[in-house]
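Report on the following structure.
The values are calculated or read from the model by the stated rules, or taken from the named source; none is laboratory data. All figures in this text were calculated on a predicted structure; none of them were measured in a lab. Cβ: placed from backbone, ideal geometry, glycine included. Neighbour counts: every protein chain shown.
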Amino acid sequence: MREYSVAAVPGDGIGSEVISAGIRVLHAVAARDGGFNLNVENFPWGTDYYLEHGKMMPEDALDTLRAFDAIYFGSAGDPRVPDHISLWGLRLAICQPLDQYANVRPARLLPGIQGPLRDVGPEDLDWVIVRENSEGEYAGVGGRVHSGLADEVGMDVAVFTRSGVERIQRFALELARSRPRKKLTLVTKSNAQRHGMVFWDDVFEKVREDFPDVETDKMLVDAMTTRMVLNPESLDTIVATNLHADVLSDLAAALTGSLGIAPTANLRPERDAPSMFEPIHGSAFDIMGQGIANPIGSFWTAAMMLDHLGETVAAASLMTAVERVTANGDILPRDLGGDASTEQVTDAVIDALEGRNE
Ligand code: IPM
Ligand code: MG
């Protein structure tokens with residue numbers, strides 16, 4: 001029996017609701033597969049922990065996490081604490097030191113889901129956004145001085161290193177190569193930002209020489225938003241900086257029906273540290289505790305985790321089960337136009353996995 005250890009960090013808001021739904025589904029997938037077992041340990045870190053201990057997670061949290069095969073993360077953010085504290089104290093405090101530099105965000109229209117774009121179906125919208133996840137606008141470099149004075153200054157410096165830019169572009173080119181269309185779009189803003197963004201373009205010109213079989217093109221981020229809406233079928237794999245891809249991936253999620261379905265993998269491709277898997281949606285405090293959060297993002301995320309662990313057959317059967325539920329359309333969460341609870345959607349996916357609702 002193949003054994004995997006998974007650290008579950010549900011975090012804030014609806015995190016614990018969608019992660020416990022995801023764990024139920026993961027156990028059902030493993031039981032059905034019969035070839036592997038997941039040992040899940042839960043870590044109650046986040047804002048409640050912060051209010052009690054003055055930090056979002058314990059000092060030795062990273063050492064604890066390093067011992068696991070994967071991290072299954074819910075969400076960070078709670079109105080009782082400023083967002084930049086929860087983000088830097090939890091999610092970025094895990095991603096950055098573990099150097100999970102490749103943030104992978106698939107976006108596609110699941111069967112039966114009507115996105116907001118007229119006449120756009122599943123065959124027209126099937127993208128993977130690769131987000132640089134270790135530097136750029138999230139490098140954490142900057143400062144604030146002369147507090148409260150008229151000449152107060154606030155600065156965040158976007159930091160791009162050749163090694164950081166090259167490794168994410170290479171990763172994205174390899175991912176594009178593995179997909180049927182072998183197509184990659186580089187997104188920058190090199191008309192306005194003439195240093196770091198022109199650097200991204202220059203590095204790309206060099207790196208792509210090693211991938212002659214991948215068709216590439218370049219877009220400025222503002223024009224990219226219109227292309228995503230008006231010509232979604234012209235895109236396949238996309239690579240962009242930390243902030244640009246953050247913005248574009250929210251747009252992508254909305255165009256595929258809801259932020260509630262969108263998954264993410266924070267990958268450490270070298271596999272010398274665990275990777276972290278999380279739904280894109282935030283902590284959604286407005287619906288917390290009501291049992292109505294959409295768990296599909298955390299199921300899709302769980303499928304990405306299984307894939308990364310090498311359980312590709314189980315990953316595919318989980319996605320097929322999710323797609324059966326969306327295609328059927330009887331049991332959908334509120335953000336997808338239904339009225340089903342988190343538990344009902346979870347039960348429906350488990351039934352589909354086990355072939356009970358055919
Ligand atoms: C995301 C989120 C985070 C980010 C937030 C919670 C800070 O928007 O994962 O896309 O910007 O990285
Ligand atoms: Mg975001």
> Among the residues of segment 324-334 satisfying the criterion of being surrounded by fewer than 19 Cβ atoms within 10 Å (Cβ to Cβ) and of a type outside the set (A, V, I, L, M, F, W, C), which is nearest to Gly22 (Cα to Cα)?
Replying inline: Arg334
>> Which count do you get for residues in segment 257-290 that are over 15 Å from Gly310 (Cβ atoms) and either touching a Cys at 6+ places or on another chain (Cβ under 8 Å) or among the hydroxyl-bearing types (Ser, Thr, Tyr) (or both)?
In response: 5
> Mind checking whether some residue in segment 52-72 is in contact with a helix residue (DSSP H, G or I) (Cβ under 9 Å, 6 or more places away or on another chain), free of Cβ contacts under 8 Å to residues at least 24 places away in the same chain, at negative phi and in the same structural domain as Gly291 (by TED's automatic domain parsing)?
Replying inline: yes
> Restricting the first residue to segment 309-320 and requiring it to be part of a helix (DSSP H, G or I), which pairs with a second residue that is of a type in the set (Lys, Arg) meet a Cβ separation below 9 Å and a spacing of at least six or different chains?
Replying inline: Leu309/Arg2; Ala314/Arg32; Ser317/Arg32
> What do you reckon, is Ala240 within 16 Å of ligand 2 (Cβ to nearest atom), touching a helix residue (DSSP H, G or I) at 6+ places or on another chain (Cβ under 7 Å) and aliphatic (A, V, I, L, M)?
Replying inline: yes
>> Suppose we filter segment 144-184 for residues that are polar (S, T, N, Q), assigned to a loop (DSSP other than H, G, I, E, B) and under 30 Å from Pro212 (Cβ atoms); how many remain?
In response: 1
>> Go through (1) buried (at least 20 other Cβ atoms within 10 Å of the Cβ); (2) assigned to a helix (DSSP H, G or I) for Val187 and report which single condition fails.
In response: (2)
>> For segment 268-285, give me each residue that is buried (at least 24 other Cβ atoms within 10 Å of the Cβ) and of a type in the set (A, V, I, L, M).
In response: Met276
> Restricting the search to segment 13-37, which residues are in a helix (DSSP H, G or I) and either among the aliphatic types (A, V, I, L, M) or not assigned by TED's automatic domain parsing to the domain that holds Asp83 (or both)?
Replying inline: Val18, Ile19, Ala21, Ile23, Val25, Leu26, Ala28, Val29, Ala30, Ala31
> With Arg108, Arg179, Arg162, Arg131 as the choices, which residue is outside the structural domain of Val221 (by TED's automatic domain parsing) and either closer than 19 Å to His308 by Cβ or not polar (S, T, N, Q) (or both)?
Replying inline: Arg108
> Which members of segment 263-294 meet the condition of being within 12 Å of ligand 2 (Cβ to nearest atom), closer than 12 Å to Asn103 by Cβ and either of a type in the set (D, E, K, R) or touching a Phe, Trp or Tyr at 6+ places or on another chain (Cβ under 9 Å) (or both)?
Replying inline: Thr264, Glu278
> Residues that are in contact with a Gly (Cβ under 6 Å, 6 or more places away or on another chain): which strands (runs of 3 or more DSSP E) entirely in segment 218-285 hold 1 or more of them?
Replying inline: 263-267, 275-279
> Considering segment 41-94 alone, what residues qualify as being within 16 Å of ligand 2 (Cβ to nearest atom), of a type in the set (A, V, I, L, M) and in a loop (DSSP other than H, G, I, E, B)?
Replying inline: Ala76
